[in-house]
Amino acid sequence: MDDDGSSHGGTSTDIDVFLPNYKLGKTLGIGSSGKVKSADHVLTGHQVAIKILNREKIKNSKLEEKVRREIKILTLLRHPHIIRIYEVIETPSDICVVMECGKSGELFDHIIKKGRLQEDKARKFFQQYCHKNMVVHRDLKPENVLLDSKYNVKIADFGLSNIIRNGQLLKTSCGSPNYAAPEVISGKPYAGPEVDIWSCGITLYALLCVALPFDDTNMPNLLKKIKGGIYTLPSHLSDGARDLILRMLVVDPMKRITIPEIRQHPWFQAHLPSYLAVPPPDTMEQTNKMDEEILMKVIQMGFDGNQLIESLGNKVQNEATVAYYLLLDNRF
């Protein structure tokens with residue numbers, strides 16, 4: 001989650017805060033308002049990432065609302081390809097957000113390292129990347145997508161996101177210009193999903209071409225290309241991939257393909273995993289359904305079973321529920 005200009009790498013093991021349930025490891029990124037560190041959860045042994053945000057710094061840089069919104073949205077969302085927040089630990093000086101760790105780095109780095117992906121490989125990423133929920137991300141790009149140990153997509157960085165409300169248009173111009181839809185950079189009101197679809201189209205192009213469809217060092221020229229929908233498609237693309245990109249990168253948002261239409265597109269449907277072929281379970285239904293095997297493992301750690309079930313039902317954050325979700329997510 002490096003939306004605040006963080007730099008990658010580093011091997012610092014300095015302990016900035018005392019978190020008794022975690023053994024802090026190396027620093028993964030450093031930004032203007034804090035840092036991201038790897039950590040091991042003491043009870044389960046599973047690896048997590050902890051974003052340590054300095055309260056004074058986020059207040060001074062007016063990022064507090066952005067941080068709170070991201071935490072709220074990620075706490076609500078439950079999807080196999082969206083980064084999960086396990087708990088938020090607040091100390092007098094810091095806000096510590098414990099989340100899934102992208103063990104295989106960013107999708108961006110994967111593209112740079114691997115070069116142009118075969119369509120089947122790119123399709124797998126895209127199928128995991130392109131899903132429907134009632135949240136508009138507004139900054140979808142490979143740098144904001146992590147990969148787990150099995151190279152599955154985990155969408156992160158929801159700091160610019162917003163919840164979609166029927167009939168309410170958004171106006172904020174945000175995100176990275178190369179991935180931003182024409183209506184966003186033009187300052188026009190937009191509903192939400194259509195701007196994420198444009199960004200998904202840019203990402204699919206990047207996966208298949210190791211380049212961006214709209215790219216120019218001169219900002220006015222870049223914006224002109226985006227607004228005019230001026231780009232070229234390489235000849236190596238299959239007809240299906242070409243058709244899908246063309247339908248996603250449509251300047252008029254009213255004529256742009258929708259998420260349901262993308263999911264029905266023949267190129268998208270090829271080799272679609274069964275768990276992605278049907279809509280994901282309702283967030284509330286998914287959250288309320290408890291796993292008996294994982295429950296027993298947590299109880300064996302010394303936690304009271306009735307209190308655990310009650311905490312899970314009431315969505316209470318405590319040591320037992322954090323252990324439950326870590327075990328659940330790392331079962332496979």
What residue, among those in the stretch 266-285 that are open to solvent by less than 70 Å² (accessible area, probe 1.4 Å) and in a helix (DSSP H, G or I), is modelled with the highest pLDDT?
Trp267
Restricting attention to the stretch 4-36, the residues that are modelled with pLDDT of 80 or more and in contact with a strand residue (DSSP E or B) (Cβ under 7 Å, 6 or more places away or on another chain) number exactly 11
All positions within the stretch 207-224 that are under 30 Å from Asp120 (Cβ atoms), open to solvent by less than 60 Å² (accessible area, probe 1.4 Å) and either out of contact with any Lys or Arg (no Cβ under 7 Å at 6 or more places or on another chain) or part of a helix (DSSP H, G or I) (or both)
Leu207, Leu208, Cys209, Ala211, Leu212, Pro213
I'd like the full set of residues that are modelled with pLDDT under 85 and of a type in the set (Ser, Thr, Tyr), limited to the stretch 86-131.
Ser104, Tyr129
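The values are calculated or read from the model by the stated rules, or taken from the named source; none is laboratory data. Since the model is a prediction, treat every value here as computed from it, not as a measurement. Cβ sites come from the backbone with ideal geometry, for glycine too, and all protein chains shown count toward neighbours. Heavy atoms of the whole protein, side chains included, go into the accessibility calculation; ligands, DNA and RNA do not. Shrake-Rupley method; radii C 1.70, N 1.55, O 1.52, S 1.80 Å.
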